[in-house]
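Presented below is the structure to which this report refers.
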């Protein structure tokens, strides 16, 4: 038997073995590793190291050419529980390996309530994992079809990705990290007042928050993505006399104050101030998004004593 015939016989035997096993998704890593290992050993025995390298390059290159991914809506595909890998909601962030309509990346990420899933890239009805699901991606990754829709029953294929063995990232993941860690570093609320401690009726007090109106830190890595955050602040002042004021002005100290309040009755007042940070963030290659939720809140308070003003006649 010639070396070429022996090579084909060994290859067919190994591939048939794995088709009979009908591995589920958790065996993708083992499937890829052992398939390549066994084929390489067989080729090394038959062809020798030099011819092995040449044969492998030729064989894999030809397979990639035959299985180039095309976005064709006429292809009959469907979900198969035996090749389902990941599924979920929360605004899927498609990786840079995504092959499909470029506008789909923003649409898929924008919808937090939509459904998505990854299925191994195989033709419908195949009995096991297709060779091109592992040979058309970098080592350690598998090619998946990406399904997306308003419900599990209406998902459609929007493209393919090469992906490893970790859970795909979503906007929900990013925003969870953003609230739990990134926005902890927003500037502290440190309010001030002038005159300090006391004033007179009808005489304004001037206040400030001690914070900037905009917070834009250096890009951070959240859920495996580089994210640029931009947070803007609003302030709520409760003056203690029943009045409440919302403002986007942080206030400033003397000699150029910008935020003031007057009291018209003598007494002691507890002034409360709350900062609410609302964030937007940019994921390069996907888009800009508003962070969901109520934002990050900070609270502080101080006391002010108001004395009654007295009219004084001044002789001229």
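Quick look at the numbers
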{"read-out": "Cβ-based exposure ranking for 208, 235, in which fewest neighbours within 10 Å come first", "value": "208, 235"}
{"read-out": "FRET efficiency, 1/(1 + (r/R0)^6) with R0 35 Å, evaluated for residue 230 and residue 198 via beta carbons", "value": "0.35"}
{"read-out": "Contour excess over end-to-end distance, with Cα ends at residue 97 and residue 294 and 0.36 nm allotted per residue", "value": "67.6 nm"}
{"read-out": "Cα-based convex hull volume of the stretch 171-307 per residue, rounded to whole Å³", "value": "102 Å³"}
{"read-out": "Gain on full stretching of the segment that runs from residue 106 to residue 213 - 0.36 nm per residue minus C-alpha separation", "value": "35.7 nm"}
{"read-out": "Peptides 99-106, 200-207 ordered by average Cβ neighbours within 10 Å, highest first", "value": "200-207, 99-106"}
{"read-out": "Label-to-label distance, nm, for residues given as residue 153 and residue 190 (7 Å Cα→Cβ offset)", "value": "5.9 nm"}
{"read-out": "Cα centroid of the stretch 93-119 to Cα centroid of the stretch 175-228, whole Å", "value": "34 Å"}
{"read-out": "Separation of the residue 307 and residue 278 label points, Cα + 7 Å toward Cβ, nm", "value": "4.2 nm"}
{"read-out": "Ranked 234, 94, criterion: other C-beta atoms within 10 Å, fewest first", "value": "234, 94"}
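Computed from the coordinates by the stated procedures, all read-outs in this text should not be read as laboratory data. Because the structure is a prediction, the values reported are computed rather than measured. Cβ atoms come from the backbone with ideal geometry, glycine included; neighbour counts cover every protein chain shown.
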